[in-house]
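Structure record follows, encoded as structure tokens.
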Amino acid sequence: MAIVTPLKTAAEQQFVQQYADSKAALPGSPAMRELREQAFAGFEARGLPHRRLESWRYTDLRALLREARPLAGAGAATAAVKARLEALGLEGLRLVLIDGVFAPELSSLDAIPEGVSVQSLAEALASPREGLARVLSGPSVAADDAGLMLNTALMRDGVFIEIAEGRNLEQPILIVSLALGEEERAVFHRSVVLAAQGSRATIVEVSEAAADAAQQINGAIVFETGDESEIQHVRIVTRQQAATVEVQSLLATVGAQAKFDSFALVANAGTVRQQHFIRFAGEHSEIGLRGVNLLGGAQHSDVTLVVDHEVPHGTSRELFKTIAGGQSTGVFQGKVIVRPHAQKTDGGMKSNALLLNDGATMYNKPELEIFADDVVCGHGATVAQIDGEQLFYLMARGLPRPQAEALVLQAFAGEAVEFVADENLRNWVMREVEAWLQAREAASEVSTV
Amino acid sequence: MLEIRNLVVKIADEDKQILNGLNLTVNDGEVAAIMGPNGSGKSTLSYVIAGKEDYEVLDGEILLNGENVLEMEADARAAAGIFLAFQYPLEIPGVATMTFLKAAMNAQRKARGEDELLTPDFIKQVNAAADKLGIAKDMLRRPLNVGFSGGEKKRMEILQMALLSPSMCILDETDSGLDIDALRIVAEGVNALRAKNRSFLVITHYQRLLDHIVPDTVHVMSKGRIVKTGGKELALELEKSGYAAYGEAA
């Protein structure tokens, strides 16, 4: 028996109104409209996720979103946007989203490599493509999430990328998503990556603000990767306003004998909730999920992931590193599910946090749900302060405390960054980490735990 | 010159007193050895000189060239010339050895009001010192001490000592975990650094290390004090008789 929670918060009622007002204009074929209708009905029944739901326990979206902001319109490229794109310093095929809307004029469409096709999500949704609803829905473990339902109902645009069989892309594909609003707006975007059998590619998502207003961002990216493919995903959420609330869903369905790796850096953001829903669809595949969260002030970063070992012989690794100072909060909730016939599963999950002072908080919740009997699975979660022995070692070599701490923290974060396979990209991520540490060092902040 | 006067030290969070009025002088250019059984306070002494925070100094002073170092943080003591070669060098993943060496050398230069090293000069110095110690270039690119063998870690300590050019070197059980070949390389590295204006405090359990690094003086430590001082022959004597005569079982 379904329990219907009546909608009651102002934000929830505003979403109902926004959906009613905009659904005729949102892109999509009749089948997509039906998908949106179902998703919104699901959202209406559940409301915004709140702390009494286990999976949203530490990030109460209902409390965070007092008001739903108006849906963002199509923003024009400003000088700030162009300057930021210039300064990005990353090579590759660049696809730009402004307030969630694909901006071909800012994208390097002349650089699309052979065997890669790119269209806007709006175009893809309007096309009569077979099986699109299934692709968009992602793994079944994501089916119940009201945050994702809201994205499905209101997603306006994004990019739809297809990589042909056997294609090996040397340069990454960059999806640069810039929030531009001078006023507070709600942004709903979704991108899709279909990587055919044997393809290899690196997909980078950058989410930044190029204006001063706080945003409500609800983004999603869907991967469907073929057998023997090797896909690396790197996401960086940074340069956001402190009051921005960003929900990012990663949905991945991974074929047989394939590799799928995702790395996410959160630094200088507001409230960020990342949720990863990953499914092993074929045997003998390897999945790696890693991330670094650099938090200060009142920042909040939540990483909640579900890895579904649906088939035998799957290997999964998770490693998340959180450094929390100020009054910030880090959250890690990791669930690895091993289905009854998923024998020979090899799973290892770790979340390590360093708290820099008394006001900072970390919630660590690793979970294993194992229904098979011949598996190797482990998890470890730690919350600690800066290692005093390492600190003393470096200071005994003459490094002043702030600099010594920065090196210890760099080393701590570096253990996860190392898994970014592409060297240019790894160095780029590390530079972002170092910039965060240098800002802290310049302010002569030292830990006080 | 290092002078330690009536040093009384306890562990900061416990009531346990480790050093009980220790007196010790190491003159410029002198190589002094401290021998003593487990638990006599040898490592504590090295940590307190270098400025580790886990200890509370209840009484006494440590003077380096007449200046009391007890008020200084560890980094200031390093810049003043104190170097501790660790018994168990720490692993610092994610930080390349070269990056660390440059940061350490420049931090000390900055503290002394000197200009930063230019990169070519730095690389030249590192390569020359590394060659002498048989340290491969590949090791310098790896994260500091990560995956290094016991011998490699100790050689890396001596490399740092050579590059930072301290006036007071403390070697804490540098021989532990070394096979005889590694011990010889490390000892040769230390001997090459012996100089008129550089003193050494060599802390060890065993006489073996002192065959290779021949001390000018040998001090016996027991229950947090120096209880006997003599020449290098004292080490040989201890090797035969053990520490029992000094009120402790070996």
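The values are calculated or read from the model by the stated rules, or taken from the named source; none is laboratory data. Since the model is a prediction, treat every value here as computed from it, not as a measurement. Quick reminder, even Gly has a Cβ in these numbers, built from the backbone with ideal geometry, and neighbours come from all protein chains shown. All accessible areas refer to the heavy atoms of the entire protein, side chains included, with ligands and DNA or RNA removed. Shrake-Rupley method; radii C 1.70, N 1.55, O 1.52, S 1.80 Å.
Looking at the protein assembly as shown alone, DSSP beta bridges between its own residues are antiparallel in about 15 percent of cases. Using a 1.4 Å probe over protein heavy atoms, the accessible area lost on pairing B with A, summed over both chains, comes to approximately 2100 Å². Applying both filters, DSSP loop and at most 15 other Cβ atoms within 10 Å, to the chymotrypsin sites (Phe, Trp or Tyr not before Pro) of segment A:324-410 gives A:F371. Close amide H partners of A:I370, meaning residues 5 or more places away or on another chain with modelled amide H under 5 Å apart, are A:V338. For segment B:54-84, a decrease in accessible area of 50 Å² or greater in the assembled protein chains relative to the isolated chain, with a 1.4 Å probe, applies to B:D75.
Using 0.36 nm per residue and subtracting the Cα-Cα separation, the extra length available between A:A24 and A:A421 on full extension is 138.6 nm.
Shape annotation for segment B:26-114: C-alpha extents along the principal axes are 37, 30, 28 Å, from largest to smallest. Protein heavy-atom accessible surface, 1.4 Å probe, per residue over segment B:56-205: 42 Å². The C-alpha radius of gyration of segment A:120-206, expressed as a fraction of 2.2 N^0.38 Å, stands at 1.22. Mind checking segment A:1-85 for GluC sites (Glu not before Pro) that DSSP puts in a loop (not H, G, I, E or B) and that have at most 15 other Cβ atoms within 10 Å? For GluC sites (Glu not before Pro) across segment A:1-85 that sit outside H, G, I, E and B with at most 15 neighbouring Cβ atoms in 10 Å, the list reads A:E67. Solvent-accessible area of A:K350, all protein chains in place: 100 Å² (probe radius 1.4 Å, heavy atoms, ligands and nucleic acids excluded).
Please give me the summed charge of the neighbours of A:V101: other residues whose Cβ is under 15 Å from its Cβ, Lys and Arg +1, Asp and Glu -1. Cβ neighbours under 15 Å give a net charge of -1.
For A:F223, the amide hydrogen comes within under 5 Å of the amide hydrogens of A:V193, A:L251, A:A252, A:T253, counting only partners 5 or more places away or on other chains and with H modelled in the peptide plane.
The apolar share of the surface of segment A:396-449, taken as the fraction of accessible area on carbon and sulfur atoms (1.4 Å probe, ligands and nucleic acids excluded), comes to 46 percent.
For segment A:38-155, the alpha carbon positions stretch 47, 37, 24 Å along the principal axes, listed from largest to smallest. The number of Lys pairs in chain A with C-alpha atoms less than 20 Å apart, excluding pairs fewer than 8 positions apart on the same chain, is 10. What the phi angles of segment B:122-130 give under the Karplus curve with 6.51, -1.76 and 1.60, with θ = phi - 60°, is a coupling list of 4, 4, 4, 4, 5, 4, 5, 5, 5 Hz, glycine and proline written as x. Average 1/r across all pairs of distinct alpha carbons in chain B, invert it, and you get the Kirkwood radius: 18.7 Å.
Count the net charge of all other residues whose Cβ sits under 10 Å from the Cβ of B:L90, scoring Lys and Arg as +1 and Asp and Glu as -1. With Lys, Arg at +1 and Asp, Glu at -1, the neighbours total -2. Near A:E318: Cβ cut-off under 9 Å, other residues only, Lys/Arg at +1 and Asp/Glu at -1. The net charge is +3.
Straight-line reach from B:K240: taking Cα to Cα under 19 Å and skipping same-chain neighbours fewer than 8 places apart, the lysines in range are B:K228, B:K232. Here the Karplus curve 6.51 cos²θ - 1.76 cosθ + 1.60, taken at θ = phi - 60°, turns the phi angles of segment B:8-20 into couplings of 10, 9, 10, 5, 4, 8, 10, 8, 7, 8, 10, 9, 10 Hz, with x standing for Gly and Pro. Over the protein assembly as shown, DSSP H runs of length four or greater, each weighted -39,500 (n - 2.57), average out per residue to a 222 nm ellipticity of -8500 deg cm²/dmol. Annotation for B:A111 and B:V214: the two label points, set 7 Å from Cα along the Cα-Cβ direction, are 3.4 nm apart.
Quick check: Cα centre of segment B:53-131 to Cα centre of segment A:129-181, how many Å? Between the Cα centres of segment B:53-131 and segment A:129-181 lies a distance of 51 Å. Of all aspartates and glutamates in the structure, the ones whose alpha carbon falls short of 17 Å from that of B:K137, not counting any fewer than 8 places away in one chain, are B:D121, B:E152, B:E157. The modelled label-to-label distance for the pair A:L109/B:D15, using points 7 Å beyond Cα in the direction of Cβ, is 8.0 nm. Leaving out ligands, DNA and RNA, what percent of the accessible area of segment A:9-112 is carbon and sulfur, probe 1.4 Å? Roughly 53 percent of what the probe reaches on segment A:9-112 is carbon or sulfur.
Once backbone amide H atoms are built at 1.01 Å from N, A:S262 has A:H233, A:G288, A:L289, A:R290 as its partners under 5 Å, excluding neighbours fewer than 5 places away on the same chain. Take the Cα of A:Q385, go 7 Å toward its beta carbon, and the backbone nitrogen atoms of segment B:1-42 under 18 Å from that spot belong to B:11-15. A compact globular protein would have a Cα radius of gyration near 2.2 N^0.38 Å; the ratio found for segment A:174-274 is 1.16. Here the extension length gained between B:K196 and B:K137 equals 18.2 nm, from 0.36 nm per residue of separation less the Cα-Cα distance. Normalised by the number of residues in segment A:226-359, the average gap of Cα pairs under 8 Å and 6 or more apart makes the relative contact order 21 percent.
Residues of segment A:408-424 that bury at least 20 Å² of accessible area once all protein chains are present, compared with their chain alone (1.4 Å probe, heavy atoms only, ligands and nucleic acids left out), are A:Q410, A:A411, A:E415, A:E418. Go ahead and collect, in residue order, the members of segment B:200-224 whose backbone nitrogen is under 16 Å from a label point 7 Å along the Cα-Cβ direction of B:L58. The answer is B:223-224.
With a simple spin-label model that places each label point 7 Å from the Cα along the Cα-to-Cβ direction, the separation between A:R51 and A:E184 comes to 2.0 nm.
Output the relative contact order of chain A, whole-number percent, from Cα pairs under 8 angstrom with separation of 6+ residues. Relative contact order of chain A: 10 percent.
Applied to segment A:162-171, the Karplus parametrisation 6.51 cos²θ - 1.76 cosθ + 1.60 on θ = phi - 60° returns per-residue 3J(HN,Hα) values of 10, 10, 6, 3, x, 6, 10, 8, 6, 9 Hz, with x for Gly and Pro. Converting the Cα gyration tensor eigenvalues of the protein assembly as shown into ellipsoid dimensions via √(5λ) gives semi-axes, longest first, of 58, 25, 24 Å.
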